[in-house]
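Since the structure comes first, as structure tokens, the remarks are kept for the end.
The values are calculated or read from the model by the stated rules, or taken from the named source; none is laboratory data. Because the structure is a prediction, the values reported are computed rather than measured. Neighbour counts run over all protein chains shown; Cβ positions are idealised from the backbone, glycine included. Just so you know, the surface numbers come from the protein's heavy atoms only, side chains and all, with ligands and any DNA or RNA stripped out. Shrake-Rupley method; radii C 1.70, N 1.55, O 1.52, S 1.80 Å.
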Amino acid sequence: MQTANRSRHDVVVVGGRVAGSATAMLLARLGHDVVVVDQASFPSDTVSTHSIARSGMVQLRRWSLLDPVLDSGAPAIRQVTFNAAGASVTRTIKDKAGVDLLVAPRRYVLDTLLAAAAERAGADVRPGVTVTDVQRDGRGRVVGVQGHDHTGAPVELGARWVIGADGLRSRVARSVGAAINQGGPAGGAAQYAYYAGIPWSGFEFFVAERSFAGVFPTHDEQACIWVLNPTTDARAVHRRAGSRVEAFGQLLERSAPPLAERLRQARRTSPVQGMLRQPNQVRQAFGPGWALVGDAGYYRDATTAYGISDAFRDAELLAVALDQALRGAVEEPTALASYQQQRDRALAEIFEITCRLAAYPPVPAFIELQKQLSAAIDRQAAALAARPIPAQRLLATA
Ligand SMILES: Cc1cc2nc3c(=O)[nH]c(=O)nc-3n(C[C@H](O)[C@H](O)[C@H](O)COP(=O)(O)OP(=O)(O)OC[C@H]3O[C@@H](n4cnc5c(N)ncnc54)[C@H](O)[C@@H]3O)c2cc1C
């Protein structure tokens with residue numbers, strides 16, 4: 001078989017969205033030779049709503065990416081309204097950990113900005129490349145990946161480290177046989193669509209029995225309208241309704257009647273999308289020559305809307321650990337074990353809250369968990385804000 005594209009690098013990152021491009025950007029800023037491959041090309045969308053929590057905002061700010069995100073037209077969110085049990089409370093976003101606003105940029109914008117930032121830092125970003133397997137040496141260490149480009153031409157990339165940032169159904173995780181070390185029940189459904197034509201005043205949340213719904217204002221004066229339920233409820237409504245759009249409307253009507261009423265004046269600009277039976281799982285994060293980051297390593301129900309922020313946190317933990325290993329400053333197993341340990345410690349509290357929220361306890365318990373979530377996010381944001389910024393000297397002189 002002819003191998004058209006064959007090269008060797010410090011790091012090959014499989015998957016170029018929030019986890020992959022962020023990790024590649026940081027490693028490239030730290031001076032390493034990095035290639036990012038993604039079967040998709042950019043700009044392109046992925047199935048996800050896209051609110052970024054305070055901790056994720058801290059990362060964007062520390063990495064000098066917050067201004068580009070705001071300049072892209074993602075509206076600065078300065079207030080959050082929480083509706084539950086007939087009451088409505090609106091709060092201004094407090095200035096904590098250097099962040100006084102939130103954003104919900106469309107993924108085709110955010111992911112493209114991150115891939116461009118990785119490229120600017122010196123990473124070689126190759127869209128349209130699908131990885132089909134990892135390559136190993138005689139001792140079983142992962143030493144590269146193989147696959148094909150969009151024309152079907154074979155691609156082989158050798159690397160000291162292969163990073164799987166290829167999402168929930170990670171090919172890298174399956175190829176290396178990464179074990180699932182922790183799992184929770186898979187039960188939650190998340191569905192969303194975009195609406196235009198009416199004003200949006202900030203993030204809005206609506207809690208009702210067995211449902212959580214809301215509004216994330218985004219680009220082009222549109223908003224992402226979402227509703228989360230147990231999958232059994234979503235399926236039952238869908239069966240009765242006949243169409244996904246009709247079912248989405250009925251779920252919103254049940255979960256957030258005032259929002260459903262307002263949406264009668266709005267225009268739906270997208271199909272309804274989403275995911276049923278979202279898993280909750282933590283995978284082994286590394287092995288000889290490989291590591292996982294983002295959804296590939298850790299997946300949680302969308303009820304906490306925290307996957308992007310998780311990915312940004314873990315991208316930095318992994319980049320710093322790999323940098324130490326690549327420079328020989330720390331033994332490989334020690335550096336990577338430290339990545340896994342830090343990741344698992346950092347994710348534990350919100351993972352537990354997510355699993356409990358995804359079980360849809362009665363409304364008062366759901367609200368209490370939301371309060372715990374908010375405090376946990378603030379703690380994580382403060383911890384991230386206190387870390388040294390990778391390659392900061394380089395950034396300052398760029
Ligand atoms: C319905 C829903 C709503 C959500 N809402 C939010 C929210 O509001 N806020 C939030 O923070 N998080 C949210 N999340 C979670 C968030 O979407 C994920 O955590 C995040 O996308 C993870 O990013 P990632 O880079 O790890 O993986 P992904 O975004 O899945 O990217 C993986 C990339 O890998 C590529 N890839 C896969 N396999 C291969 C291969 N074999 N070869 C080459 N490339 C490959 C894919 O093309 C893709 O581009 C939501 C998720 C869902 C499902």
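Which of rounded, prolate or oblate describes the range 318-398 when judged by the alpha-carbon gyration tensor and an a/c cut-off of 1.5? Let's see the in-between values first.
Numbers: a/c = 4.51, a/b = 2.01, b/c = 2.25.
Here the range 318-398 falls in the oblate category.
What is the range 19-110 by shape, rounded, prolate or oblate, if you read a ≥ b ≥ c off the alpha carbon gyration tensor as root eigenvalues and call it rounded for a/c under 1.5, prolate for a/b larger than b/c, and oblate otherwise? Write out the running numbers ahead of the final one.
Numbers: a/c = 2.74, a/b = 1.78, b/c = 1.54.
Judged from the Cα gyration tensor, the range 19-110 comes out prolate (a/c at least 1.5, a/b above b/c).
Report the calculated FRET efficiency for Arg267 and Asp95 (r = Cβ-Cβ distance, R0 = 41 Å), to the nearest 0.05. Don't jump to the answer; show the numbers that get you there.
Values: r = 35 Å, r/R0 = 0.86.
After rounding to 0.05, the efficiency reads 0.70.
In what order, largest first, do His32, His50, His148 sit by accessible area if the probe radius is 1.4 Å?
Values: His32 25, His50 0, His148 65 Å².
Output order, biggest surface exposure first: His148, His32, His50.
With a probe of 1.4 Å, find how much accessible area the range 10-75 has per residue, and write the answer as a whole number in Å². Before the final figure, lay out the partial values.
On the way: 1770 Å² over 66 residues.
In whole numbers, the range 10-75 has 27 Å² accessible per residue.
Carbon and sulfur: what percent of the range 1-69's accessible surface (1.4 Å probe)?
Exposed carbon and sulfur together represent 44 percent of the surface.
Mind grabbing the accessible area of Lys96 for me, 1.4 Å probe, Å², rounded to tens?
It works out to around 80 Å².
Starting with the highest mean, order 290-298, 207-215 by the number of other Cβ atoms within 10 Å, averaged over the residues of each peptide. Before the final figure, lay out the partial values.
Values: 290-298: 29.3, 207-215: 21.1.
Going from most to least packed, we get 290-298, 207-215.
Accessible area, 1.4 Å probe, largest first: how do Glu368, Glu156, Glu204 sort? Present the calculation step by step, with values, prior to reporting the outcome.
Working: Glu368 85, Glu156 45, Glu204 10 Å².
The ranking, largest first, comes out as Glu368, Glu156, Glu204.
What ranking do 33-40, 217-224 get when scored by the average of other Cβ atoms within 10 Å per residue, highest first? Don't skip to the answer; put the middle values down first.
On the way: 33-40: 23.1, 217-224: 18.8.
My ranking of the peptides, most packed first, is 33-40, 217-224.
Quick one: Debye curve from the C-alpha atoms of the chain, no solvent, what's log10 I(q)/I(0) at q = 0.07, 0.12, 0.13 Å⁻¹?
-0.32, -0.93, -1.08
Please name which of Ile225, Tyr194, Gln182 has its Cα lying farthest along the dipole of the range 165-232 towards the positive end, using unit charges on Cβ (Lys, Arg +1; Asp, Glu -1) and the Cα centre as origin.
Gln182
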